[in-house]
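The values are calculated or read from the model by the stated rules, or taken from the named source; none is laboratory data. Small disclaimer: the values here were computed from a predicted structure and weren't measured. Positions of Cβ are backbone-derived with ideal geometry, glycine not excepted, and every protein chain shown enters the neighbour counts.
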Amino acid sequence: MIRTRFAPSPNGPLHLGHAFSAVVAHDRARKAGGEFLVRIEDIDTGRSRPYLAQQALDDLVWLGLEWQGEPVRQSARLASYGQAARQLREAGLLYPCRCTRAEIAAAATGTGPDGPVYPGTCRGRDIDPLGVAWRLDMEAARARSGPLEWLDEIAGPQVARPERFGDVVLVRRDEPASYHLAATLDDAADGITHVTRGRDLFEATHVHRLLQALLGLPVPVWHHHALLVEPDGQKLAKRRGSPSLADRRGAGEDGLALADALRDRRLPAGISFG
Ligand code: GLU
């Protein structure tokens, strides 16, 4: 049975791009007689706001999207992230890092899909592992995983190339996991068969595929959909004046009609697929 999810981070209000993403995930499952889940990615305690999580759920109801069961909250799953990190650490695949963002930017050996590639400064250093970030030793991880592939329903078969990211952070200094680790574990825990999300996360999938191999997790199919953009080609964002879904809802707009328009790829004036 097909199972998809929509996984908003409650650190800002949802906008039209999120609505499209949720409609795609919902319909992908429902048309195949499957299930659609909602996951609140509230692991970033510094930026997450409970009222934004509730607002996101209200937005989905307004759009007429029904999900299966109770929404999953990452904040309730911290123990499972800690356990996976321990497993990777015991396998010798993580090392502690206490470099600051500025130090990394200054010493970076290049730019990867996620920004500056970490130069490996802390690899092999004797570091007190308290209050530090933990990075994946990419070379060791690749030696262990061997070649990997993954399938995107839209873009077709892909050869995994996570090494372009360098030694990614899997456990943040202030959080028990990074997005990469938490999302990968949750998709497995929830039995997600089709990971539907925006094309902006396409590259991250190379890292997720590697983590699945290292942790012995099932491998889903991915579906990276097109992004909605402003006339200047930039992603929609409230700070650039795109009204949030809550704004639209508050102004009396019909959410069901909006969801249908998105299904038919009919977009409001000025918005297009990037
Ligand atoms: N929480 C992420 C976001 O709001 C989405 C993560 C995912 O779909 O894997 O951008």
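If we scan region 88-97, do we find a residue that is of a type in the set (D, E, K, R) and surrounded by 15 or more Cβ atoms within 10 Å (Cβ to Cβ)?
yes
What is the one condition in (1) assigned to a helix (DSSP H, G or I); (2) modelled with pLDDT under 95; (3) crowded, with 16+ Cβ neighbours inside 10 Å that R239 does not satisfy?
In the conditions (1) assigned to a helix (DSSP H, G or I); (2) modelled with pLDDT under 95; (3) crowded, with 16+ Cβ neighbours inside 10 Å, R239 misses (3) alone.
Could you name every one of the helices (runs of 4 or more DSSP H) located completely within region 98-192 that has at least 3 residues being in contact with a helix residue (DSSP H, G or I) (Cβ under 7 Å, 6 or more places away or on another chain)?
138-145, 179-189
Just checking, which of G17, G33 is in contact (Cβ under 8 Å) with a residue 24 or more places away in the chain and more than 11 Å from the ligand (Cβ to nearest atom)?
Within the list G17, G33, the selection yields G33.
In region 47-72, which residues are under 25 Å from D247 (Cβ atoms) and not in a helix (DSSP H, G or I)?
Answer for region 47-72, where residues must be under 25 Å from D247 (Cβ atoms) and not in a helix (DSSP H, G or I): R47, S48, R49, L63, G64, L65, E66, W67, P71.
Does region 163-172 include one or more residues that are of a type in the set (V, I, T) and within 12 Å of the ligand (Cβ to nearest atom)?
Within region 163-172 (the criterion being of a type in the set (V, I, T) and within 12 Å of the ligand (Cβ to nearest atom)), the answer is no, since none of the residues qualifies.
Being surrounded by 16 or more Cβ atoms within 10 Å (Cβ to Cβ) and assigned to a loop (DSSP other than H, G, I, E, B) is the filter here; which residues of region 1-33 pass it?
I2, A7, P8, S9, P10, G12, P13, L14, H15
Report, by residue number, each residue of region 205-236 that is more than 20 Å from R5 (Cβ to Cβ), of a type in the set (A, V, I, L, M) and in a strand (DSSP E or B).
V229
Do we have any residue at all in region 197-208 that's away from the ligand (no atom under 13 Å from the Cβ), of a type outside the set (F, W, Y) and buried (at least 17 other Cβ atoms within 10 Å of the Cβ)?
Yes, region 197-208 contains at least one residue that is away from the ligand (no atom under 13 Å from the Cβ), of a type outside the set (F, W, Y) and buried (at least 17 other Cβ atoms within 10 Å of the Cβ).
Could you list, in sequence order, the residues of region 179-196 that are within 12 Å of the ligand (Cβ to nearest atom), touching a strand residue (DSSP E or B) at 6+ places or on another chain (Cβ under 8 Å) and among the polar types (S, T, N, Q)?
Scanning region 179-196 gives a single hit, T196.
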